[in-house]
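First the structure, in the form of structure tokens, and then the observations on it.
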Amino acid sequence: MTADGVRRSYRAAFLRYLGRREEAALHAGYEIGRAGLEAGLGLLQLVQVHHDVLIEVLQDTPSDEVPAVAAAASDFLLEVVSSYDMVQRGFRADG
């Protein structure tokens, strides 16, 4: 998956998660993280995608909804980067 593909998938899954806060959308986030990892996308690149998508979403978010969107964004990002965390823990355990 390319960086552009990750961005498109990330945006779609994040918007789906914002709409319903369902486990299926979180799972999609996890799969995006795995795909990014397998494609060699660095953690910083993935976080930049998150930041770009979040800024885009916040531009259209009413001010009274910003805290809820920020909290959801945090939950979603943690799910996306969980694959990276597992790999890092694996390296530590092997070392």
Item to check | Only one of ARG34, ARG89 that is surrounded by 13 or more Cβ atoms within 10 Å (Cβ to Cβ), in a helix (DSSP H, G or I) and charged (D, E, K, R) | outcome: ARG34
Item to check | Complete set of residues in the stretch 26-63 that are small (Gly, Ala, Ser) and farther than 26 Å from GLY90 by Cβ | outcome: SER63
Next on the checklist: So, TYR84, is that one at pLDDT below 95, in contact with a Leu (Cβ under 7 Å, 6 or more places away or on another chain) and either assigned to a helix (DSSP H, G or I) or not aliphatic (A, V, I, L, M) (or both) or not?
Outcome noted: yes
Checklist entry - Of all residues in the stretch 59-73 being exposed (fewer than 12 other Cβ atoms within 10 Å of the Cβ) and among the polar types (S, T, N, Q), which is nearest to ALA28 (Cα to Cα)? => result GLN59
Checklist entry - Is at least one residue of the stretch 41-58 exposed (fewer than 13 other Cβ atoms within 10 Å of the Cβ) and more than 15 Å from ARG7 (Cβ to Cβ)? => result no
Next on the checklist: When you check GLU79 against the structure, is it among the charged types (D, E, K, R) and without any contact (Cβ under 8 Å) to a residue 40 or more places away in the chain, yes or no?
Outcome noted: no
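The values are calculated or read from the model by the stated rules, or taken from the named source; none is laboratory data. Keep in mind it's a predicted model, so treat the numbers as computed, not measured. Every residue, glycine among them, receives a Cβ derived from its backbone with ideal geometry; neighbour counts consider all protein chains shown.
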